[in-house]
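This report concerns only the one structure given below.
The values are calculated or read from the model by the stated rules, or taken from the named source; none is laboratory data. The structure presented is a predicted model; accordingly, all values stated were derived computationally and were not measured. Because the Cβ atoms are built from the backbone with ideal geometry, glycine has one as well, and the counts that use them run over all protein chains shown. For the accessible areas, the whole protein counts, side chains as well, though only heavy atoms, and no ligand, DNA or RNA atoms are used. Shrake-Rupley method; radii C 1.70, N 1.55, O 1.52, S 1.80 Å.
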Amino acid sequence: MIHSLKKWLMAGAVFVNATTVAVAKETSPVPEAAQKGDRVLVVVTNRAKYPSRDDATGVWLTELTHFVDVFRTAGIEMDFVSPEGGAMPIDYVNTSIPIQKKYLYDENFMNKLERTYRPEELNFADYAAVYYSGGGAAMFGVAENRAIQKLVVSIYENNGLVSAVCHGTVS
């Protein structure tokens, strides 16, 4: 199970970096994790502004939508968690990018982003993997959140995979 999910995490990373979902879809079988109903926990932020500046920030939409698209296509369920729960800010939006436009108009996806879980509401045993999404705001509020740390460490210690993209690696 973990080996198959690892392949999909790598496929997701290739997709985010190379923006070619065809490669990810054609080279990897449907992961065993999807067949068993395991979930991926997507970690996002609640921060809408940089702490020392007035300009807006948030989750870089493309780094989230490319990942979500690959895993949704594979039939893998995802939950979104943020330090405070509730709405997460979206940044770097460009509706001329088809994948962004697709998800901006996806009511189910947008509802999940508006209603993220608080870490205390989740059980680590429900997740086979974690994905830290990027965007400048990922550097603030997430890394120092003890409840997210505890949840992710528990997933990892339960043989889960932990992955990140761009600024999400700071978390």
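With label points built 7 Å along Cα→Cβ from the Cα atoms of Val93 and Ala56, find their separation and express it in nm.
Output for this residue pair reads 0.7 nm.
Each residue of the stretch 102-119 in order: what ³J(HN,Hα) in whole Hz does its phi give by Karplus 6.51 cos²θ - 1.76 cosθ + 1.60, θ = phi - 60°, with x for Gly and Pro?
3, 7, 4, 9, 9, 4, 4, 4, 5, 5, 5, 6, 7, 10, 5, 7, 7, x
Taking all pairs of distinct Cα atoms, average 1/r, flip it, and tell me the Kirkwood hydrodynamic radius of the stretch 42-166 in Å to one decimal place. Working shown, then result.
On the way: mean 1/r = 0.0680 Å⁻¹.
One over the average 1/r among Cα pairs gives 14.7 Å for the stretch 42-166.
Contour minus end-to-end for Asp79 and Lys150, with contour as 0.36 nm per residue of separation and end-to-end as the Cα-Cα distance?
The Asp79-Lys150 span can extend by a further 23.9 nm.
For the stretch 43-49, just list the computed ³J(HN,Hα) in residue order, Karplus coefficients 6.51, -1.76 and 1.60, θ = phi - 60°, integers in Hz, with x standing in for Gly and Pro.
9, 10, 10, 9, 6, 10, 9
Over the stretch 59-171, average the accessible area per residue using a 1.4 Å probe and give it in Å², no decimals. It would help to have the intermediate numbers written out before the result.
On the way: 5250 Å² over 113 residues.
That works out to 46 Å² per residue.
Using a basic spin-label model with each label point 7 Å from the Cα along Cα→Cβ, how many nm lie between Ala48 and Leu104?
Going from the Ala48 label point to the Leu104 one covers 1.8 nm.
Net charge around Gly134, counting only other residues with Cβ within less than 11 Å of its Cβ (Lys, Arg = +1; Asp, Glu = -1)?
Working: positive: none; negative: Glu63, Asp91.
Cβ neighbours under 11 Å give a net charge of -2.
Across the stretch 150-156, in residue order, what do the Karplus-derived ³J(HN,Hα) couplings come to in whole Hz, using 6.51 cos²θ - 1.76 cosθ + 1.60 with θ = phi - 60° and x for Gly and Pro?
4, 4, 5, 4, 5, 5, 4
For Val162 and Asn111, calculate 0.36 nm times their separation in residues minus their Cα-Cα distance, and state this gained length in nm to one decimal.
Numbers: separation 51, 0.36 × 51 = 18.36 nm, distance 2.45 nm.
Answer, rounded to one decimal: 15.9 nm.
If you put +1 on each Lys and Arg Cβ and -1 on each Asp and Glu Cβ, how big is the dipole of the stretch 32-101 around its Cα centre, in Debye rounded to 20? Intermediate results must be reported in sequence, preceding the final value.
Numbers: 7 positive and 10 negative charges, 18 e Å.
Rounded to the nearest 20 debye, it is 80 debye.
Glu77's amide H: which non-local residues (gap 5+, or another chain) put their own amide H closer than 5 Å, with H modeled 1.01 Å from N in plane and none for Pro or chain starts?
Amide H to amide H, under 5 Å and 5 or more residues apart or across chains, Glu77 pairs with Val40.
First compute the accessible area of the stretch 92-171 with a 1.4 Å probe, then give the percent of it belonging to carbon and sulfur atoms.
Values: 2180 of 4360 Å².
Carbon and sulfur atoms account for 50 percent of the accessible area of the stretch 92-171.
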